[in-house]
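Before any comments, here is the structure.
The values are calculated or read from the model by the stated rules, or taken from the named source; none is laboratory data. What you see is a predicted model; the values in this text were computed from it and never measured. No Cβ is skipped: glycine too gets one built from the backbone with ideal geometry, and neighbour counts run over all protein chains shown.
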Amino acid sequence: MDSVISAKGFTKKYSKFTLDVPELDIPKGFATALIGANGAGKTTLIDALCGIIHATSGEVTYFNKYKDIDSTELREKIGYCASSGFFPQAWKAKDIAISMELAYDSFDRKKFEELCGQLEVDTEHTKKARAMYKQSDGNRMRTALAAVFARETELMVLDEPGSSLDPLMRDRLCDRMREYLDDGEGEKSIIFSTHNIADMENAADYAVFMDAGKIIEQGFVEDLKEKYVIARGESAGYDEVKGLLLSHNCNRTVFDGLALSENQEKLSEMGAACERPTLQQLSIGLLKYAEEIR
Amino acid sequence: MRRYINDFRIFTGKTALITAMWSELAVIVLFAALIAVHTLTDSETIRGFCEGFIPMFCTLIPIIGYIPCNTTFNLNRAVNPGYKYFHSLPDSAGRFRRALTASSVISLALVLIWAGALWLWSPTISMFVVFMGLSLKGTQNIFGHAKSGLGMFLPMLVVISAMGFLMGFTSTDADSLIYMKPEGIFYAAPAAGAAIFVVGTVYSAALAEKKWRREVD
């Protein structure tokens, strides 16, 4: 598997939080979702990988070639978009176009105009265009996404791109991300973070689950769906299967929980029905499990 | 030079330059109006008002020069929206250094254009403007990397107070500042301002990349 980013011994220490990633390989040509609760370290990881903050220790290799994130050539290849307040609040679309055109060789001002139109936000030619602070969070995110997609990049890193968007726009974003990957023919990759995977499930090929600054699980979504099962049954049998469940919900009548597929046979013998999990169920199950053993 | 100006525009977009230009225009209009009133009126009261008000008004001129650079400094603060965008740019630290240098030169140009025009009317006032403009810019460059907003603001107040003190110290009841001939201290003050400006600009440029990288940690 070719990696777009591989990291070893990667840490970022703050006084009250430590990001600790002993090993991370983000596959090339796919969309990778960083999934975790608030404060899990998704943004810290993204910011450290993109050079917005500096890692305390560790080595990162980008595109199997670059080691230094400050390399101008490397930064041209990465399209980064923060979760909020990406651009200065006083800026309008024209300021963004001017700044990005000067900063990046590959920024296509015409494409930015088109994307702004498609995403229904002010373009640089909109009469009485509004500054960022006068726009909603969703519109600010749309403008930032239009700006970042208007560049020719090989890796898109999007921090919580869907959190401020409405469901329809999240769906469009997923389509846009798919188009980006298809255009790249295996050469382009996406990393995005989310704590609400339900609406962006279709966009993720590879998933990295994080909790309290650590990676608790990672792999291709299809492989993870094979690795785990959702077990369901009547609450009467709950005590018997409890030991095989990683995380569980139980009420007076029924229970369900996440378990390893290798235990599927035993679970069936105990009367539990097993089914393939969705990414959403997988996320909740794994994050609950991580929280319990933390 | 073009590279420096472009890097400044990367950080400020169109907004900061437009704000500076509108502010400049507003000051020009008000200033011209005051001078016209001062020249045309026969009333001693109004002339006195103008003579008192014009030197105070001069403090606005260097502050206009202060705006673009202040904007640039502020962008390197994690609390301000936009800092992640700027930190994600290729060669962002180098660009920050060049943008700061360019903003200092723009400030200098704004001050000198005004001082040149004022010289025709009152050389003394012109010298004060040069002193304050350059000292303010130089001081801002020295303290601009301070993390605290107060750390940036206090030196500015000291410079403005110094100008007020200098004006009060040199003017007499008999002779308005406007008509005084520039000599002695009037030449020393701009020279001191120029020295502060040069030191501040070199210092801030030398420290810019280091501060840019450290800020994010």
Notebook entry, point to check: From the list A:Ile230, A:Ile216, which residue is in contact (Cβ under 8 Å) with a residue 12 or more places away in the chain and in contact with a Phe, Trp or Tyr (Cβ under 7 Å, 6 or more places away or on another chain)?
Noted result: A:Ile216
Notebook entry, point to check: Could you say whether any residue in the range A:38-53 is assigned to a strand (DSSP E or B) and surrounded by 19 or more Cβ atoms within 10 Å (Cβ to Cβ)?
Noted result: no
Margin query: Where the second residue is of a type in the set (D, E, K, R) and the first is under 21 Å from B:Asp7 (Cβ atoms) and lies in the range B:106-117, which pairs have Cβ atoms under 6 Å and are six or more apart or on separate chains?
Written below: B:Ser107/B:Lys137
Check: Hey, does the range A:129-146 have a residue that's more than 21 Å from A:Ile78 (Cα to Cα), charged (D, E, K, R) and in contact (Cβ under 8 Å) with a residue 40 or more places away in the chain?
Finding: yes
Note to self: Tell me the residue from A:Ala290, A:Ala259, A:Ala236 that is assigned to a strand (DSSP E or B) and aliphatic (A, V, I, L, M), please.
What the structure shows: A:Ala259
Note to self: Take A:Glu76 and tell me if it is surrounded by fewer than 21 Cβ atoms within 10 Å (Cβ to Cβ), within 27 Å of A:Gly29 (Cβ to Cβ) and either of a type in the set (Asp, Glu) or within 14 Å of chain B (Cβ to nearest Cβ) (or both).
What the structure shows: yes
Item checked: Subset of the range A:93-121 that is more than 14 Å from B:Gly13 (Cβ to Cβ) and within 14 Å of chain B (Cβ to nearest Cβ) - its residue that is surrounded by the fewest Cβ atoms within 10 Å (Cβ to Cβ) -> A:Asp105
Notebook entry, point to check: Taking into account only those residues within the range A:19-69 that are of a type in the set (Val, Ile, Thr) and within 14 Å of chain B (Cβ to nearest Cβ), which is farthest from A:Leu158 (Cα to Cα)?
Noted result: A:Thr56
Notebook entry, point to check: How many residues, within the range A:255-272, are of a type in the set (A, V, I, L, M) and modelled with pLDDT of 90 or more?
Noted result: 3
Note to self: Every residue in the range B:1-33 that is away from chain A (no Cβ under 14 Å) and either surrounded by fewer than 16 Cβ atoms within 10 Å (Cβ to Cβ) or at pLDDT 85 or above (or both), please.
What the structure shows: B:Met1, B:Met21, B:Leu25, B:Ala26, B:Ile28, B:Val29, B:Leu30, B:Ala32, B:Ala33
Margin query: If I filter the range B:54-72 for residues that are modelled with pLDDT of 75 or more, over 17 Å from B:Ala208 (Cβ atoms), away from every other protein chain (no Cβ under 14 Å) and not in a helix (DSSP H, G or I), do I get at least one hit?
Written below: no
Next item on the list: Go over the candidates B:Gly193, B:Gly164 one by one and state the one that is part of a helix (DSSP H, G or I) and at pLDDT 75 or above.
Entry: B:Gly193
Next item on the list: Consider A:Ala90 carefully, then state whether it is more than 26 Å from A:Tyr133 (Cα to Cα) and touching a residue at least 24 places away in the same chain (Cβ under 8 Å).
Entry: no
Check: Does A:Arg172 fit the bill of being out of contact with any Gly (no Cβ under 6 Å at 6 or more places or on another chain), basic (Lys, Arg), away from every other protein chain (no Cβ under 14 Å) and touching a residue at least 24 places away in the same chain (Cβ under 8 Å)?
Finding: yes
Checklist line | Identity of the residue in the range A:79-92, more than 7 Å from chain B (Cβ to nearest Cβ) and surrounded by fewer than 23 Cβ atoms within 10 Å (Cβ to Cβ), that ends up farthest from A:Asp47 (Cα to Cα) | finding: A:Ser84
